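The block underneath contains the structure these notes are about, expressed in structure tokens.
The values are calculated or read from the model by the stated rules, or taken from the named source; none is laboratory data. Just so it is clear, the model here is predicted, and its values are computed rather than measured. Backbone-built Cβ (ideal geometry, glycine too); neighbour counts: all protein chains shown.
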Amino acid sequence: MTPTYEYSSLHKLSQAIIVTIGVGWLLYIGSALILPIVFAILLAVFLFPLEKILSKFLKWRILSILLSFIALLLPFIVVTILFSMQLIAIVDSLPSIGQNLESGFGELVDRINSAIPFLKLDEGQLMDSGSKSLEGPLSFIGKGFISTTSFLAGFGMTILYTFFLLYYRESFNNFILYQFEKDDRPDIKQALKEIKETIQSYIGGVGIVMIILSVLNSIGLTLIGIDYAIFWGTLAGILAIVPFIGTLLGGLLPFLYALSTADARWQPVAVLLYYLMIQQVEGNFITPKVVGDRVDINPLFAIIAIVFLGAFWGISGIILALPIISILKIVLDNFENTKSYALLTSTDLGEKRGIFKKLFAQQNQIPK
């Protein structure tokens, strides 16, 4: 019996590895086709409550779907227009900003060397390394947002897919349910409900967090006296959707701008300190209160998901990492054989050290 069991386990493991490699390969080469579908699924789930309300007052579902899109896209269009106007003014002043940045950075290095002589910072080397280090994240953001042709094509397909997902939502829902046995359908229905609530809570929560951060950042930069405060504050709020990189650039870009344009040398330092304070407030109060515990993923697997999907899909993968792994956790949690994997990703993993021993004891019916 033992050799047969070992062969069966190895056979299942090899199948899982082959399937994982195959899926990974398809995700990588088919990103242009897959990403609009993934974004469309999330967007359709998010718009579903609004479209459902509108459909009660409108006879034609097409009209209720279109009005849902307008309600979502109108703020996006307004923000884009305002951004474009201020961005043009900033781009026009880039040559003088570059010269001011170099002189301001040199003065900052001199002050650090005066305060801490043993550091012996070299201005030239720091400028070279700083420009090289900024090339990576800036080009990363640029490739994701400035590639107009690919962005518009992907955006158009996402809107189109979202429309049909909303239009045929009952059919898709029934198709998924009836892939399972009758006894399993209540559990699958509950899992779909949890996935819907998680997506709606995450997207809505992140949107509210972005608005709050944009307002707080803009107010702070205005009080400090930074030009185009609303632009830099809103940009930092929007970039908060990108974990880690967005937070870094959200504070770094206005700091560099203040370093190159501010009249007083205390202003760049004030910008840096203000953003550090805001990030602490956001991480410890705003996001936990607004987003809640729907995204129940511990930091280790959150980082793994961000790195993994970022390697496949770039900035889009980083944005999608948390909702995707949250959905995967819900799916794994609703099947007895995969429940342990869902527990492995939970935020309270450190507090449940003995949970796996109890779980495996129950599954195998052995003494604990």
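What the table below lists for this structure:
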quantity: Test: residue in region 249-263 that is under 15 Å from the mean Cα position of the chain (by Cα) and either within 28 Å of Ile325 (Cβ to Cβ) or surrounded by 19 or more Cβ atoms within 10 Å (Cβ to Cβ) (or both); calculated: yes
quantity: Qualifying residue in region 227-234 (condition: touching a Phe, Trp or Tyr at 6+ places or on another chain (Cβ under 7 Å), buried (at least 18 other Cβ atoms within 10 Å of the Cβ) and closer than 30 Å to Ala258 by Cα); calculated: yes
quantity: Failed item, numbered, when Leu54 is tested on (1) at pLDDT below 85; (2) surrounded by 13 or more Cβ atoms within 10 Å (Cβ to Cβ); (3) within 30 Å of the chain's Cα centre (by Cα); calculated: (1)
quantity: Count of region 171-219 residues which are basic (Lys, Arg), under 27 Å from the mean Cα position of the chain (by Cα) and surrounded by fewer than 15 Cβ atoms within 10 Å (Cβ to Cβ); calculated: 2
quantity: Enumeration of residues in region 321-339 that are of a type in the set (Ser, Thr, Tyr) and either touching a Pro at 6+ places or on another chain (Cβ under 7 Å) or at pLDDT 85 or above (or both); calculated: Ser326
quantity: Check on Ile319, over 13 Å from the mean Cα position of the chain (by Cα) and either closer than 30 Å to Ile29 by Cβ or not in a helix (DSSP H, G or I) (or both); calculated: no
quantity: Region 253-274, subset touching a helix residue (DSSP H, G or I) at 6+ places or on another chain (Cβ under 8 Å) and either small (Gly, Ala, Ser) or closer than 23 Å to Thr80 by Cβ (or both), residue modelled with the lowest pLDDT; calculated: Ala262
quantity: Failed item in (1) buried (at least 20 other Cβ atoms within 10 Å of the Cβ); (2) touching a Leu at 6+ places or on another chain (Cβ under 9 Å), with Gly310 passing the rest; calculated: (2)
